[in-house]
Every structure is written in structure tokens, then in C-alpha cells.
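Participant: Dumping the structure here so I can ask a few things about it.
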Amino acid sequence: MEIARAAAGLFMRNGLRATRAEDIARAAGIAPRTFYRYFAAKEESLGPLFAAGAQRWAEAVRDAPAGLPVPEALRHAVVSTLTPGVGVRYESLDWVRSLLRLAEANPALLRVWGEACQTAERTLASVLAARTAGAAGAAGAATEAGTPGEGPGPVAAEGSVVPGVAAVPDLDAGLRFTAAVASAAVRVAVEAWAAGDATSDGPAGPVALALRNLEALDGFPWSMRTG
């Protein structure tokens, strides 16, 4: 992450083309050979920053109050992670805008962003699997007992690689599809905001755009499974 932050600073100050891997290594206080131990190219050095941002939203869905249905958990995660001055610093959003603009102009960097988003999408699929399984289990238990009850939080299962998220070794295609839809709603909102000049906290900011995209999905079967 230290290397990623050093790379981001140089990219924004000097531009992507003018920045060499050796420059990034020097700024991070490491030898060039150490840089190449972690990254094959200078563009890849932004991977940890992109991944951290993308994963943060997926994990916020996991950490949303257990009683929230999936649509509300998604909206809760958007507000808690993208609201300037609350979930994220204004300066961080300025960095996001600058780096995404760089990515749009550079295929190699855009690929790094896409890979980070795809990894976060898989995390979200596991999160949705846990939330929908927990809700279904709670409903079944309440029916069997004859008393109403609130659903538990995300449940743990064998083979989990995401802390606090149910393990799904072979994610159901329906859940992967719903995760892709939810992820796209937020990703496109952030990218659209970054491409324009709107402030981060206004009606055209990332939170407002993401909530609008999710609202357009009203009625979508978030608990859809194909098997």
C-alpha cells in the first residue's frame, strides 16, 4: 500500500508517462528490485489502492445491520462509504477522480481498475449469499417456532476466505449475477462522477448517483439463486 500511495502521488504530479517504476521505488524508499518483487509494471502499483476502495463497499454491505433487507443494506453501504466527510475524506475522493481519469486514458491502468472491481464483486457475491441465507434461515426458524424473530447476521461456513462472510466455494450463478448488478450500479456512479466536474457532495456526487442507480433497480430479485 505504501508503494501504491507513492505511485499515485507521482502519477498525479508528473503524469503516468513521465513516471518510471524506478521513480516510484525511490519515492517509496525501496530498491527497484523490491518494487518488481511486488509489481510487474508501474501501472500495477495502483492495484492495492483500487482494491482497497472497491473492497471497502462490499465489506460495508457485509457490516450493515443484520435486519436490513439486501436493497437497504446496499444503500446503507453506499452512504456509509461514499459520503464525503463521513465515510471518506474529501481529499480521498479527489484522488479517486484523478486516478480514474488516468485509468480511462490508459488501457493497462484501466485493466488494473477492472481487476480490482471484479475481485470486490466476488466478495460481494459471498456477502449476498451470507445475508440471504441468514434471512432465509431466520424466517424458517421463526416459522417453525411459531414466533417472529429478526434474522441473524452473516453466517460462517466452511472454506470461507472473506472474514465474517459465509463460504461459498462454488458461488451460485444467480448470486454472482446479482452481485455484478449491484457492483455495476455503484461502480458506474463513481466513474460517471469522476469523469465530470460535479462536487463530491452535491446532487451529482457519487452517493447521489449510486443511490439513483440502485433505486432504478427497485423490484430486482436480490435473493435470486439458480440452483
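Participant: If N is the number of residues in the stretch 44-119, what value comes out of its Cα radius of gyration divided by 2.2 N^0.38 Å? Display every interim value, and only then the final one.
Facilitator: Values: Rg = 13.7 Å, N = 76, 2.2 N^0.38 = 11.4 Å.
My calculation over the Cα atoms of the stretch 44-119 gives 1.20.
Participant: Residues with amide H under 5 Å of V88's amide H, sequence separation 5 or more or different chain, H placed in the peptide plane at 1.01 Å from N; which?
Facilitator: T83
Participant: Take every Cα-Cα distance within the stretch 1-145, group them into 10 Å bins from 0 onward, and report for each bin the whole-number percent of pairs it holds.
Facilitator: Result returned by the calculation: 11, 33, 28, 16, 8, 3, 1.
Participant: Could you order the peptides 86-93, 23-30 from most to least packed, using the average number of other C-beta atoms within 10 Å per residue?
Facilitator: On the way: 86-93: 14.4, 23-30: 17.8.
Descending packing order for the listed peptides: 23-30, 86-93.
Participant: Right, another one. For the pair M1 and D201, how long in nm is the line joining their label points, each one 7 Å along Cα→Cβ?
Facilitator: 2.5 nm
Participant: Could you order S45, S80 by accessible surface area, starting with the largest, using a probe radius of 1.4 Å? Don't skip to the end; give the middle numbers.
Facilitator: Working: S45 0, S80 45 Å².
From most accessible down to least: S80, S45.
Participant: Along Cα→Cβ, 7 Å out, is where each label goes; now give me the distance between the ones at L110 and V188 in nm to one decimal.
Facilitator: Spacing of the two 7 Å Cα→Cβ label points: 1.7 nm.
Participant: For the stretch 8-58, what is the accessible area per residue in Å², given a 1.4 Å probe and the full set of protein chains?
Facilitator: On the way: 2710 Å² over 51 residues.
On a per-residue basis, 53 Å².
Participant: Continuing with this model, one more query. Given 0.36 nm per residue, what is the gain on full extension from R37 to F177 after removing their alpha carbon distance, in nm? Please report the intermediate quantities before stating the final value.
Facilitator: Values: separation 140, 0.36 × 140 = 50.40 nm, distance 3.49 nm.
Extending this stretch completely gives an extra 46.9 nm.
Participant: Can you send over the solvent-accessible area of V188, 1.4 Å probe, protein chains only, in Å² to the nearest 10?
Facilitator: The value for V188 is about 70 Å².
Participant: Note down the nm distance, to one decimal, between modelled labels 7 Å out along Cα→Cβ at E22 and at D63.
Facilitator: For E22 paired with D63, the spin-label model returns 4.2 nm.
The values are calculated or read from the model by the stated rules, or taken from the named source; none is laboratory data. All figures in this text were calculated on a predicted structure; none of them were measured in a lab. A quick note on method: Cβ atoms are made from the backbone with ideal geometry, for glycine too, and the neighbour counts reach across all protein chains shown. Keep in mind that these areas ignore ligands, DNA and RNA; they rest on the heavy atoms of the full protein, side chains included. Shrake-Rupley method; radii C 1.70, N 1.55, O 1.52, S 1.80 Å.
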